[in-house]
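Right, one structure below, let's go through it.
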Amino acid sequence: MLKRLIIAIDGYSACGKSTTARAVARILGYRYIDTGAMYRAVTLYFLDHHVAITNPKEVARALDNITISFRVNPAGDSDTYLNGLNVEQEIRELRVAESVSQVSALKPVREKLVQQQRKIGKDKGIVMDGRDIGTVVFPDADLKFFMTADITVRAERRQRELLEKNILADLDSVIQNIMERDRIDTTRSESPLRQAPDAIVLDTTHLTIDEQVDEVVRRAVSLMLKPR
Ligand code: DC
């Protein structure tokens with residue numbers, strides 16, 4: 001039996017983490033977990049229910065009312081569900097992107113989601129992407145990657161991705177949003193975005209998606225074949 005791995009992919013916003021992670025999971029027959037989608041779903045709930053993030057009681061009550069799950073759609077991709085409703089499209093909107101870093105900086109939010117992420121990953125055979133997977137969620141992950149890329153390249157990719165979902169956004173707003181998210185994600189006190197010491201750095205500025213995917217799969221396969 002091949003060893004089943006936990007593959008952690010962390011890094012800055014819009015570096016291609018989820019595209020890479022999804023493709024790797026498909027090739028290896030693993031489960032893909034988009035933890036950013038979980039933070040986005042909580043943010044969507046907070047926005048729609050006008051939850052004051054400065055009020056701990058309101059935050060706690062809201063978190064008690066939130067259930068996040070993933071279901072595979074007919075195209076074979078995993079969609080995010082918030083309290084039983086498919087929110088895959090809504091969580092990608094700019095209004096969510098603009099608030100998600102503030103919401104994901106809250107300790108109770110992180111505690112709830114990290115606990116769920118660990119439960120999902122306990123049987124291994126997963127590719128999980130986010131900001132704190134290799135540092136906090138699975139510090140013992142078998143394989144860790146830290147993705148980075150030039151800011152303009154990242155913004156152009158994100159803009160294209162949004163366009164494919166029929167969401168129009170101008171490049172400057174996308175750049176501002178990504179930079180602001182990077183700033184908050186790296187400077188927050190609760191599990192800031194950090195490169196794990198044992199993470200492999202993947203700078204994707206000049207890489208195609210196929211090249212990124214190949215690199216991760218190649219390393220995963222060589223680890224799976226390594227005698228225990
Ligand atoms: O990967 P993404 O852009 O969909 O993530 C959205 C936000 O969620 C990101 O700005 C920071 C937060 N996040 C986090 O704090 N921890 C994670 N493991 C994943 C995402």
For this session: First measure r as the distance between the Cβ atoms of R4 and S69, then evaluate 1/(1 + (r/R0)^6) with R0 = 30 Å and state the FRET efficiency to the nearest 0.05.
Result: 0.85
Seminar exercise, completed: Of the listed pairs K144/K165; K3/K112; K3/K144; K17/K107, those with alpha carbons more than 21 Å apart are K144/K165; K3/K112; K17/K107
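Select from the stretch 1-59 those trypsin sites (Lys or Arg not before Pro) which occupy a DSSP coil region and have at most 14 other Cβ atoms within 10 Å, ordered by residue number. Present the calculation step by step, with values, prior to reporting the outcome.
Values: sites: K3, R4, K17, R22, R26, R31, R40, K57; in loops: K3, R4.
Here the sparse-neighbourhood loop sites are K3, R4.
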For this session: Could you pull the Cα extents of the chain along its three principal axes, largest to smallest, in whole Å?
Result: 52, 38, 36
Problem set entry | Estimated vicinal HN-Hα couplings, Hz - the stretch 167-184 in sequence order (Karplus 6.51, -1.76, 1.60; Gly, Pro = x) | 10, 8, 8, 7, 4, 4, 5, 5, 4, 4, 5, 5, 5, 5, 5, 4, 4, 5
Exercise. Using mean Cβ contacts within 10 Å as the protection proxy, how do 173-180, 48-55 order, highest first?
Worked result: 173-180, 48-55
Seminar exercise, completed: Once amide hydrogens are built 1.01 Å from N within the peptide plane, the residues lying 5 or more places from S78 or on another chain with amide H under 5 Å from its amide H are N73
For this session: List the residues whose amide H sits under 5 Å from the amide H of L202, counting only those 5 or more places along or on another chain, with H placed 1.01 Å from N in the peptide plane.
Result: F146, M147, T148
Exercise. So what is Rg over Rh here for the stretch 82-201, counting just Cα atoms and using Kirkwood for Rh?
Worked result: 0.97
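Rounding to the nearest 20 debye, state how big the charge dipole of the stretch 1-139 is about its Cα centre with +1 on each Lys and Arg Cβ and -1 on each Asp and Glu Cβ. Don't skip to the end; give the middle numbers.
On the way: 20 positive and 15 negative charges, 122 e Å.
That gives a dipole near 580 debye.
Which translational diffusion coefficient, to the nearest whole µm²/s, is obtained for the stretch 1-114 from the Stokes-Einstein equation, given a Kirkwood hydrodynamic radius over C-alpha pairs, 37 °C and 0.692 mPa s? Can you show the working numbers first?
Working: Rh = 15.2 Å.
It diffuses with D of about 216 µm²/s by this estimate.
Laboratory data are not the source of any read-out in this text; all were calculated from the coordinates shown. Remember, predicted model here, so these are calculated numbers, not experimental data. So basically every Cβ, Gly included, is an ideal-geometry build from the backbone, and we count neighbours across all protein chains shown.
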